[in-house]
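Step one of this worksheet: look at the structure below.
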2 protein chains.
Amino acid sequence: MLVVGGGVIGLATAWRTAQRGLSVTLLDPDPGHGANRVAAGMLAPVTELQYGEEELLRLGIASNQRYAAFAAELEAASGLPTGYRPCGTLAVALDADDRAELREVHAFQQRLGLAAEWLTGRECRRLEPMLAPSVRGGLLVSGDHQVDGRRLGAALLEACVRAGVRIHRSRAARIELAPAGDRVTGALAEDGSALGAGQTVLAAGSWSGAIPGLPAAAQLPVRPVKGQILRLRMATTAGAPLPGGPFLSRNLRAVVRGVHLYLVPREDGELVVGATMEEQGYDTAVTAGGVYELLRDAHELLPGITELPLLETGAGLRPGTPDNAPLLGPTALPGLVAATGHHRNGILLTPVTADAVADYLTTGQLPPEAAPFTPDRFSSHALTEASR
Amino acid sequence: MLVVGGGVIGLATAWRTAQRGLSVTLLDPDPGHGANRVAAGMLAPVTELQYGEEELLRLGIASNQRYAAFAAELEAASGLPTGYRPCGTLAVALDADDRAELREVHAFQQRLGLAAEWLTGRECRRLEPMLAPSVRGGLLVSGDHQVDGRRLGAALLEACVRAGVRIHRSRAARIELAPAGDRVTGALAEDGSALGAGQTVLAAGSWSGAIPGLPAAAQLPVRPVKGQILRLRMATTAGAPLPGGPFLSRNLRAVVRGVHLYLVPREDGELVVGATMEEQGYDTAVTAGGVYELLRDAHELLPGITELPLLETGAGLRPGTPDNAPLLGPTALPGLVAATGHHRNGILLTPVTADAVADYLTTGQLPPEAAPFTPDRFSSHALTEASR
């Protein structure tokens with residue numbers, strides 16, 4: 001079995017599949033360094049609930065419920081930390097419009113039986129004293145946590161190696177087809193190696209729709225969605241702990257002027273601020289405007305942020321799909337299995353994706369929670385059916 | 001002769017002195033990497049004119065007039081570029097208050113016979129089409145140019161080596177005194193080397209007042225003044241030239257909400273945006289607030305800046321003095337010569353400082369333009385005289 005792509009999705013899929021006794025090769029020039037390098041790592045299916053995405057919500061909740069055990073097992077298997085932190089998430093509203101919108105989200109959460117508690121602005125500030133006085137109210141979602149995407153990638157790579165996954169460090173030059181063109185037989189690496197496989201998992205993130213070799217009808221509808229993030233340190237510029245307690249104790253999320261902003265405080269004192277959403281092709285430049293908007297909006301939410309050291313700016317590419325949901329399982333071409341298109345949810349959906357794709361590879365069946373996400377929902381036949 | 005400190009001031013002084021036949025050692029752990037690493041390199045004595053600083057203006061003009069020849073000689077001597085660019089400077093006003101202030105500066109410039117031309121907002125935008133519509137007017141100073149501080153440092157280091165300066169790569173642990181304590185005899189390096197010298201030039205930038213060994217009365221009144229800067233690229237995020245001509249063709253300066261902002265466009269497409277002024281001791285952390293303010297103010301001046309890639313954020317320490325002017329020439333202690341305290345003008349004043357200190361070391365006399373800047377203006381006697 002061949003996995004093309006060594007971001008967290010590819011690595012976790014390789015790990016889970018190798019655990020079941022299959023022989024696995026993973027192809028990536030720099031495994032562990034996918035979009036996870038610039039992910040905030042918020043595990044927030046309930047906080048990030050969107051109307052019309054109830055199936056994605058169920059998938060996210062299923063993955064979130066597995067996360068504590070997944071992280072513990074991964075840490076034991078790799079001997080490395082993952083930064084999993086069951087801290088909860090606070091979503092706040094800055095003005096009356098925000099508050100009305102957040103109230104609606106809360107009502108929808110309640111209809112779905114999801115655990116979320118409405119707080120006044122004062123109650124929000126009691127939980128997070130650095131919040132701006134302008135915060136009007138918020139939603140506390142005690143079950144939405146975080147993990148460190150970078151540590152997750154490093155731990156998954158080590159777990160793969162320990163589980164016997166062969167890591168082939170090169171880029172995929174081409175997906176290989178059988179002479180009749182009717183099935184995928186592996187991939188050709190840029191270093192010239194031909195990696196044959198009965199099953200090839202395409203887990204190449206935002207490049208999953210761009211690797212040569214597949215006929216047009218079998219191409220996956222994945223496009224890059226650029227995100228820029230910042231990393232700050234919650235300490236004085238001299239490195240000492242901040243006076244007056246922690247700067248932020250749980251994930252914080254807000255919509256500022258219509259733009260989603262989140263701040264994820266790591267246990268080690270790092271604060272990740274994200275993220276822009278930009279349709280810019282494969283460009284990964286950090287821009288003056290991206291950094292400016294993140295700092296401006298974060299400052300509006302947490303004025304004290306100006307004092308914090310800015311450690312890093314970065315940009316990465318999310319694999320977007322037409323419905324913002326992942327592509328999981330069999331594709332139109334036998335031998336080619338999808339594990340991609342996770343858009344903003346790649347870190348959250350890592351455990352459930354790896355389990356589902358390992359299930360499919362070993363049993364030929366996807367588990368029920370993953371079944372709605374097969375790529376054939378975008379085939380011309382499916383689209384025709386839907387439009388009737 | 002020993003030079004303590006290998007920023008551009010120390011290097012240029014060592015180079016000029018070695019050219020006159022003296023045997024020179026320069027002590028620095030990483031020469032060429034002083035505050036010049038984060039300097040914008042604006043050579044703008046006329047644009048940056050301040051009331052009450054006419055002597056500093058004369059020194060700055062003297063240095064500016066030498067810059068073209070200095071850069072040419074340095075490039076020939078080192079075989080390296082300096083990034084000297086005779087582009088002129090445009091100072092602009094964003095609101096009526098700014099304009100009134102800039103008008104006063106212009107009147108003062110005219111009284112002093114300095115070349116500066118008043119432009120309407122429309123004329124400013126004709127010169128620099130990316131300027132915001134809110135620009136109300138400006139001053140074109142055609143004689144204020146720029147140099148690249150990093151290239152300058154690298155070229156000076158190479159010129160020093162070629163001129164026979166011995167580079168001792170270590171930090172100064174202590175200034176050494178004669179047993180009687182009545183004169184300086186060199187310095188002890190952190191690597192344990194004792195570097196004896198008849199004349200020791202203290203050119204340690206913002207650390208010039210903090211190196212152990214000197215009696216309190218001989219300490220130089222130098223403190224660190226932190227500055228944060230940004231480096232952007234004037235190109236599309238894909239690296240192509242911008243459509244519609246250059247983003248900025250000359251140095252741009254403004255006062256935004258009372259804060260001085262400058263944007264220096266290099267010939268190679270880099271755009272330096274500076275700089276904050278912060279009294280934070282020796283802290284050099286880049287902060288969220290520093291970056292935010294620079295981006296906010298730059299965006300107000302040049303809205304199109306949001307599209308530009310942000311390459312780097314940085315912070316450095318200017319050597320500040322009580323009157324913002326440098327300390328040049330003999331100190332209270334025989335054997336110790338000052339070449340420090342250049343505050344915001346280190347790059348500009350490099351040629352005149354090097355010439356003046358080399359003059360002093362070889363003839364015992366400072367040239368007239370440097371004479372007002374000896375450190376004894378801050379001795380208790382001088383202060384008593386001044387307060388009578």
Identify the single condition in (1) acidic (Asp, Glu); (2) part of a helix (DSSP H, G or I); (3) within 20 Å of residue A:9 (Cα to Cα) that residue A:300 does not satisfy, given that it satisfies every other one. (3)
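Could you say which residue among B:150, B:171 is out of contact with any Pro (no Cβ under 7 Å at 6 or more places or on another chain) and either under 30 Å from residue B:61 (Cα atoms) or open to solvent by 50 Å² or more (accessible area, probe 1.4 Å) (or both)? Reasoning before the result, please.
Numbers: B:171 fails: out of contact with any Pro (no Cβ under 7 Å at 6 or more places or on another chain).
Only one candidate passes the filter, namely B:150.
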Would you kindly identify the strands (runs of 3 or more DSSP E) lying entirely within region A:1-102 that contain at least 3 residues that are in contact with a His (Cβ under 9 Å, 6 or more places away or on another chain) and at pLDDT 95 or above? A:25-27
Could you check residue B:292 against (1) crowded, with 16+ Cβ neighbours inside 10 Å; (2) within 14 Å of chain A (Cβ to nearest Cβ); (3) in a loop (DSSP other than H, G, I, E, B) and say which number it fails? (3)
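Based on what the data block shows, is residue A:248 open to solvent by less than 20 Å² (accessible area, probe 1.4 Å), away from every other protein chain (no Cβ under 11 Å) and in a loop (DSSP other than H, G, I, E, B)?
Values: open to solvent by less than 20 Å² (accessible area, probe 1.4 Å): yes; away from every other protein chain (no Cβ under 11 Å): yes; in a loop (DSSP other than H, G, I, E, B): yes.
Yes.
Residues are listed down the side, and each one gets a yes or a no for (1) surrounded by 21 or more Cβ atoms within 10 Å (Cβ to Cβ); (2) touching a strand residue (DSSP E or B) at 6+ places or on another chain (Cβ under 7 Å); (3) among the basic types (Lys, Arg); (4) closer than 25 Å to residue A:268 by Cβ:
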| residue | (1), (2), (3), (4) |
| --- | --- |
| A:78 | yes, no, no, yes |
| A:92 | yes, yes, no, yes |
| A:108 | no, no, no, no |
| A:118 | no, yes, no, no |
Answer yes or no as to whether residue B:139 is over 16 Å from residue B:13 (Cβ atoms) and in a strand (DSSP E or B). yes
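When you check residue A:312 against the structure, is it within 14 Å of chain B (Cβ to nearest Cβ), open to solvent by 10 Å² or more (accessible area, probe 1.4 Å) and in a helix (DSSP H, G or I), yes or no? Before the answer, list the steps.
Details: within 14 Å of chain B (Cβ to nearest Cβ): yes; open to solvent by 10 Å² or more (accessible area, probe 1.4 Å): yes; in a helix (DSSP H, G or I): no.
No: the conditions fail for residue A:312.
Considering A:317, A:361, A:348, A:333, which residue is within 18 Å of residue A:55 (Cβ to Cβ) and either open to solvent by less than 40 Å² (accessible area, probe 1.4 Å) or part of a loop (DSSP other than H, G, I, E, B) (or both)? Step through it out loud before you land on a result.
Details: A:317 fails: within 18 Å of residue A:55 (Cβ to Cβ); A:361 fails: within 18 Å of residue A:55 (Cβ to Cβ); A:333 fails: within 18 Å of residue A:55 (Cβ to Cβ).
After applying the criteria, what remains is A:348.
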Answer with yes or no whether residue A:338 is within 29 Å of residue A:372 (Cβ to Cβ), in contact (Cβ under 8 Å) with a residue 24 or more places away in the chain and touching a Ser or Thr at 6+ places or on another chain (Cβ under 6 Å). yes
Return the residues of region A:187-242 that are open to solvent by less than 10 Å² (accessible area, probe 1.4 Å), within 14 Å of another protein chain (Cβ to nearest Cβ) and of a type in the set (S, T, N, Q); say none if nothing qualifies. A:228
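When only residues in region B:252-283 that are open to solvent by 30 Å² or more (accessible area, probe 1.4 Å) and not in a loop (DSSP other than H, G, I, E, B) count, which is farthest from the other protein chains (Cβ to nearest Cβ)? Steps first, please.
Residues of region B:252-283 that are open to solvent by 30 Å² or more (accessible area, probe 1.4 Å), as a first pass: B:257-260, B:267-268, B:270, B:277-282.
Within this subset, residues satisfying the condition of being not in a loop (DSSP other than H, G, I, E, B) are B:259-260, B:270, B:278.
Working: B:259: 14, B:260: 19, B:270: 13, B:278: 10 Å.
That would be B:260.
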If the Cβ limit is 6 Å and pairs must be 6+ apart or interchain, which residue in region B:93-112 that is at negative phi pairs with which residue that is open to solvent by 30 Å² or more (accessible area, probe 1.4 Å) and not polar (S, T, N, Q)? B:93/B:99; B:93/B:136; B:99/B:136; B:106/B:118
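The values are calculated or read from the model by the stated rules, or taken from the named source; none is laboratory data. In this text, all values refer to a predicted model and were calculated from it rather than measured experimentally. Neighbour counts run over all protein chains shown; Cβ positions are idealised from the backbone, glycine included. For the accessible areas, the whole protein counts, side chains as well, though only heavy atoms, and no ligand, DNA or RNA atoms are used. Shrake-Rupley method; radii C 1.70, N 1.55, O 1.52, S 1.80 Å.
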